[in-house]
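Participant: Please read through the structure below; I'll follow up with questions.
The values are calculated or read from the model by the stated rules, or taken from the named source; none is laboratory data. All values derive from a computational prediction rather than experimental measurement. Neighbour counts run over all protein chains shown; Cβ positions are idealised from the backbone, glycine included.
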Amino acid sequence: MLPYNDIEAVKAAFEANEGEIAAIITEAAAGNMGAVAPDPGFNAALREACHTGGALLIMDEVMTGFRVSKAGWYGLEHVPGDLYTFGKVMSGGLPAAAFGGRADVMGKLAPSGPVYQAGTLSGNPVAVAVGLTQLRLADDEVYRKLDRNARLLGELFDDALTAEGVAHQVQYAGNLVSVFFSEEPVRDYAGAQAAQTWRFPPFFHALLDRGVYPPPSAFEAWFVNAAMDDAAFEVIEQALPHAAAAAAAAKEDGQ
Ligand SMILES: *Cc1c(COP(=O)(O)O)cnc(C)c1O
């Protein structure tokens, strides 16, 4: 396990474990500690370090795949991984996941190669039909709305928290949004942990009490959808000043 956005740590790991590292797996843009985008050039440097070290780069696009663009995070940054993982979004809310990648690597799987891979629900026709339908319906207009809604939400966070004088960072990874109660931009997990996460529970509950259902953890990104309309944003806009006030009044020991 290596710190995010730290290419020197990656190079040091390859040096210390020469010839022993088969692959590096990373979120193409981090969503599992809140939205933390890769620094410019980080993914490209990671790819180069992997290939120099004889390892595969596995891009986890379970969150970003088909969400931040039709081609996921790859569609925004164009740094190819050797393998990709997908889930969540790709099946339109039904349970399904997928992986894919370079033809020579995928060729090692049965039936063309020796690696057996199968599952009871693999290729489940219902999940696949739902996923395909959703992906076909997700046109450019849907992605424009997602991007717009993410920015709108971030601006509302910013306005409400600034008005209450709460130190915060609104961060984006494509149309993933996060608000960190931090003085500094968050670039890695240590930074996410160093934020004033104790401000999150009162912030969360003040929103929930007013009909806004946020992700239930300070370490989870916020996802928007394309159906959010003016009426939905009105509800959020009304609720946020109360949530910001609750965050401002929060005490570190939770009392
Ligand atoms: C949810 C998630 C996973 C796990 O997916 P499962 O289908 O639950 O195994 C992996 N990576 C990321 C980035 C996720 O968000």
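Participant: For the stretch 220-239, name all the residues that are in contact (Cβ under 8 Å) with a residue 12 or more places away in the chain and closer than 30 Å to Glu27 by Cα.
Facilitator: Passing the criteria: Glu220, Ala221, Trp222, Phe223, Val224, Asn225, Ala226, Met228, Phe233, Ile236.
Participant: On to the next question. Please tell me if Gly113 is within 14 Å of the ligand (Cβ to nearest atom) and assigned to a loop (DSSP other than H, G, I, E, B).
Facilitator: no
Participant: Let me ask something additional. Out of the stretch 176-203, which residues are of a type in the set (D, E, K, R) and under 18 Å from the mean Cα position of the chain (by Cα)?
Facilitator: Answer for the stretch 176-203, where residues must be of a type in the set (D, E, K, R) and under 18 Å from the mean Cα position of the chain (by Cα): Arg187, Asp188.
Participant: Kindly provide the set of residues from the stretch 190-211 that are in a loop (DSSP other than H, G, I, E, B) and either outside the structural domain of Phe180 (by TED's automatic domain parsing) or within 17 Å of Ala249 (Cα to Cα) (or both), ordered by number.
Facilitator: Matches in the stretch 190-211: Ala195, Gln196.
Participant: So which of Val166, Val170 ends up being assigned to a strand (DSSP E or B), hydrophobic (A, V, I, L, M, F, W, C) and either in contact with a Lys or Arg (Cβ under 8 Å, 6 or more places away or on another chain) or under 22 Å from Pro38 (Cα atoms) (or both)?
Facilitator: None of the others qualify; the one that does is Val170.
Participant: For residues that are in a loop (DSSP other than H, G, I, E, B) and more than 16 Å from the ligand (Cβ to nearest atom), scanning just the stretch 6-36, find the one that is nearest to Tyr172 (Cα to Cα).
Facilitator: Taking the candidates together, the pick is Asp6.
Participant: Then there's this: Got at least one residue in the stretch 56-68 being buried (at least 20 other Cβ atoms within 10 Å of the Cβ), touching a Leu at 6+ places or on another chain (Cβ under 9 Å), on the phi < 0 side of the Ramachandran plot and of a type in the set (S, T, N, Q)?
Facilitator: yes
Participant: Same structure again: Within the stretch 51-75, how many residues turn out to be within 20 Å of Val142 (Cβ to Cβ) and out of contact with any strand residue (DSSP E or B) (no Cβ under 9 Å at 6 or more places or on another chain)? Walk me through how you get there before you give the answer.
Facilitator: Our first condition is that a residue be within 20 Å of Val142 (Cβ to Cβ); within the stretch 51-75, this holds for 61-75.
Next, from what is left, pick out any that are out of contact with any strand residue (DSSP E or B) (no Cβ under 9 Å at 6 or more places or on another chain): 69-71, 75.
Of the residues in the stretch 51-75, 4 are within 20 Å of Val142 (Cβ to Cβ) and out of contact with any strand residue (DSSP E or B) (no Cβ under 9 Å at 6 or more places or on another chain).
Participant: Could you give every pair whose Cβ atoms fall below 7 Å, whose first residue belongs to the stretch 50-62 and is within 16 Å of the ligand (Cβ to nearest atom), and whose second residue is part of a helix (DSSP H, G or I), counting only separations of at least 6 or pairs across chains?
Facilitator: Pairs found: Leu57/Leu46; Leu57/Arg47; Leu57/Cys50; Val62/Lys88.
Participant: Continuing with this model, one more query. Just one of (1) within 21 Å of the chain's Cα centre (by Cα); (2) assigned to a loop (DSSP other than H, G, I, E, B) trips up Asp147, so point out which.
Facilitator: Of everything listed in (1) within 21 Å of the chain's Cα centre (by Cα); (2) assigned to a loop (DSSP other than H, G, I, E, B), Asp147 misses just condition (2).
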